[in-house]
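Novice: Before anything else, here's the structure in question.
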């Protein structure tokens, strides 16, 4: 056994003995003999050239050198335990963070399908409301995340675009009486804003060269899902992501009165740390989710880039 490994065993024996103040209890936890623990302590004292314990009657007490060493080892072994715990977790499982509307409108169905074809790779999903989609893999408990972003990520982040964001107005089939309404007809509509800053309507109208239409009125929501739900109830006209509204459009719960979808330049990206030990599972999930994106096969819609 190498000297480094021997020293590590000795340090572990010392750390446990320092917690209990007893070689006997340390031996019980480590499944060693009391003599073996004592030998480890003597090895360290010889290595460092100082006493680590002193006898105070029947009790053991740490010396000043021993107290300093125990304090640092407690932190060091905790770091090692945490690192090992990460690998002891379900090595085939992934912890995924995703925005709430994406989860409700597409991701849950996609993950359910994934579970049916690959029960060896479990996904623990956390659906989170985010004003601006973001993740910090160093402080948050996730292996991967799906974010609405422009595709520019830090150098240590791996990313894959699942689909682009295309904005288009939608409403209940009976909401607008005109078969082919003009943009001017929007002035008579109740706007449904899927975000407090009303940016989605502003983006779509800007591409239509129709910023003269006021969007200062209407109902304001926190999520795209709420805007879609309000539109389904005939409460107004909302602007939505074409992919996320595809199920409602296909079922006839929503219609597109204006046949222009506008690309925002953003998209939904699956992201993870390049150094992640779960890269193989990431790739498997990435490829499956990409295959679950519904095709934009609307022949009557014009797709416009900004």
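The values are calculated or read from the model by the stated rules, or taken from the named source; none is laboratory data. Values in this document were obtained by computation on a predicted structure and should not be read as measured data. Reconstructed Cβ throughout: ideal geometry from the backbone, glycine too, with neighbour counts over all protein chains shown.
Yes/no per residue for (1) out of contact with any strand residue (DSSP E or B) (no Cβ under 6 Å at 6 or more places or on another chain); (2) buried (at least 19 other Cβ atoms within 10 Å of the Cβ); (3) within 16 Å of residue 281 (Cα to Cα):
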{"residue": "116", "(1), (2), (3)": "yes, no, yes"}
{"residue": "121", "(1), (2), (3)": "yes, yes, yes"}
{"residue": "130", "(1), (2), (3)": "no, no, no"}
{"residue": "134", "(1), (2), (3)": "yes, no, no"}
{"residue": "142", "(1), (2), (3)": "no, yes, yes"}
{"residue": "145", "(1), (2), (3)": "no, yes, yes"}
{"residue": "150", "(1), (2), (3)": "no, no, no"}
{"residue": "154", "(1), (2), (3)": "yes, no, no"}
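Residue by residue, here is whether (1) modelled with pLDDT of 90 or more; (2) closer than 30 Å to residue 289 by Cα; (3) surrounded by fewer than 20 Cβ atoms within 10 Å (Cβ to Cβ) holds:
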residue	(1), (2), (3)
158	yes, yes, yes
167	yes, yes, no
172	yes, yes, yes
180	no, no, yes
183	yes, no, yes
192	yes, yes, no
201	yes, yes, no
204	yes, yes, no
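Novice: Scan segment 102-130 for residues that are assigned to a loop (DSSP other than H, G, I, E, B) and under 14 Å from the mean Cα position of the chain (by Cα) and report the count.
Specialist: Matching residues across segment 102-130 total 2.
Novice: If you scan segment 210-246, which residues turn out to be over 18 Å from residue 99 (Cα atoms) and assigned to a helix (DSSP H, G or I)?
Specialist: 230, 231, 232
Novice: Please determine, by comparing only the residues of segment 164-200 that are part of a strand (DSSP E or B) and touching a helix residue (DSSP H, G or I) at 6+ places or on another chain (Cβ under 8 Å), which one is farthest from residue 233 (Cα to Cα).
Specialist: Going through the qualifying residues, I end up with 167.
Novice: For residues that are surrounded by fewer than 16 Cβ atoms within 10 Å (Cβ to Cβ) and in contact (Cβ under 8 Å) with a residue 60 or more places away in the chain, tally how many sit in segment 4-38.
Specialist: 0
Novice: Name the residue, out of 259, 278, 274, 284, that is surrounded by fewer than 15 Cβ atoms within 10 Å (Cβ to Cβ) and either within 28 Å of the chain's Cα centre (by Cα) or within 29 Å of residue 122 (Cβ to Cβ) (or both).
Specialist: 274
Novice: Starting from residues that are touching a helix residue (DSSP H, G or I) at 6+ places or on another chain (Cβ under 7 Å), in a helix (DSSP H, G or I) and surrounded by fewer than 17 Cβ atoms within 10 Å (Cβ to Cβ), keep the ones in segment 74-101 and report whichever is modelled with the highest pLDDT.
Specialist: Among residues in segment 74-101 that are touching a helix residue (DSSP H, G or I) at 6+ places or on another chain (Cβ under 7 Å), in a helix (DSSP H, G or I) and surrounded by fewer than 17 Cβ atoms within 10 Å (Cβ to Cβ), the one modelled with the highest pLDDT is 74.
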